[in-house]
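One structure below.
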Amino acid sequence: MTDLAEEDPFEAYRAASRPFPVGERFWIEPGEVSDRPPPAGRIALRLPASRAFGTGHHESTRLALLALEEVPLEGRRLLDVGTGSGIVALAAAALGAALAIGFDSDPEAVFVARENLRRHAFGARVRLAACSAEAVTGSFPIVVANLLPEELLPMRAAIFARVAAKGIAIVSGIPSDREGEVVSKLRARRWTLVGCRRENGWTCVTLERA
């Protein structure tokens with residue numbers, strides 16, 4: 001039996017992709033890796049398209065990055081739930097987070113994210129793990145979860161338990177037609193809705209813990 005080389009379904013996409021800006025600070029490169037400098041004032045996130053979610057093209061990822069730009073990150077710790085390609089954790093480190101911890105239940109996603117870390121000097125401030133939300137310990141001033149409601153809601157208690165007192169949770173990946181339902185399930189007396197962004201049928205909310 002002859003072994004055939006497995007085709008890379010993302011090869012053509014990477015070849016055709018062009019870098020693009022997100023928010024005020026980021027310059028996303030989803031194509032083949034290059035060493036070209038980003039435009040002045042922007043930070044390059046080099047994340048070649050792969051099976052791991054998170055090249056910055058999807059509205060939910062962009063909304064999470066926009067919300068992240070509004071948070072004081074310098075010297076703080078962040079937890080990235082369902083890290084995928086590692087884009088949120090890398091963005092947090094790029095903005096000055098002392099440590100960003102990303103985890104995902106998909107080992108392949110964590111493998112891809114580790115490859116992405118090596119492309120960025122600030123990737124040294126990111127740690128990754130393949131595990132469940134229940135396996136994560138400690139508390140974080142900032143927790144980000146870019147997940148569909150079907151993934152988010154069953155583990156919301158485990159995720160929100162990791163948010164430190166007076167910390168914030170950024171939750172993206174909410175379809176706009178389910179915004180009211182999902183936000184009502186996330187909020188409680190000790191949580192305040194302090195931010196909401198919408199784009200093309202997707203919603204991202206920022207909640208603050210009392």
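The values are calculated or read from the model by the stated rules, or taken from the named source; none is laboratory data. This structure is a prediction, so every number in the text was calculated from the model and none was measured. Positions of Cβ are generated from backbone atoms using ideal geometry, with glycine treated the same way; all protein chains shown enter the neighbour counts.
Assorted remarks:
- The residue pairs whose first member lies in the range 164-187 and is at negative phi and among the acidic types (Asp, Glu), whose second member is outside any helix (DSSP H, G or I) and buried (at least 16 other Cβ atoms within 10 Å of the Cβ), and whose beta carbons are closer than 7 Å, counting only pairs six or more residues apart or on different chains, are Glu179/Thr203.
- On the stretch given as the range 75-93, residues that are touching a residue at least 24 places away in the same chain (Cβ under 8 Å) and surrounded by fewer than 22 Cβ atoms within 10 Å (Cβ to Cβ) total 2.
- Selected residue (criterion: surrounded by the most Cβ atoms within 10 Å (Cβ to Cβ)) from residues of the range 148-181 that are touching a Lys or Arg at 6+ places or on another chain (Cβ under 9 Å) and of a type in the set (Lys, Arg): Arg156
- Inter-residue pairs, beta-carbon under 7 Å, first on the phi > 0 side of the Ramachandran plot and in the range 19-34, second surrounded by 18 or more Cβ atoms within 10 Å (Cβ to Cβ), 6+ apart: Gly23/Leu65; Gly23/Leu66
- Strands (runs of 3 or more DSSP E) (entirely within the range 22-105) containing at least 2 residues that are of a type in the set (Ser, Thr, Tyr) and modelled with pLDDT of 95 or more: none
- Flag if Val112 is at pLDDT 95 or above and not in a loop (DSSP other than H, G, I, E, B): no
- Scanning the range 74-119 for residues that are polar (S, T, N, Q) and under 21 Å from Gly23 (Cα atoms) yields Thr83, Ser85, Asn116.
- Residue within the range 115-130 that is surrounded by fewer than 14 Cβ atoms within 10 Å (Cβ to Cβ), part of a helix (DSSP H, G or I), touching a strand residue (DSSP E or B) at 6+ places or on another chain (Cβ under 6 Å) and at pLDDT 95 or above present: no
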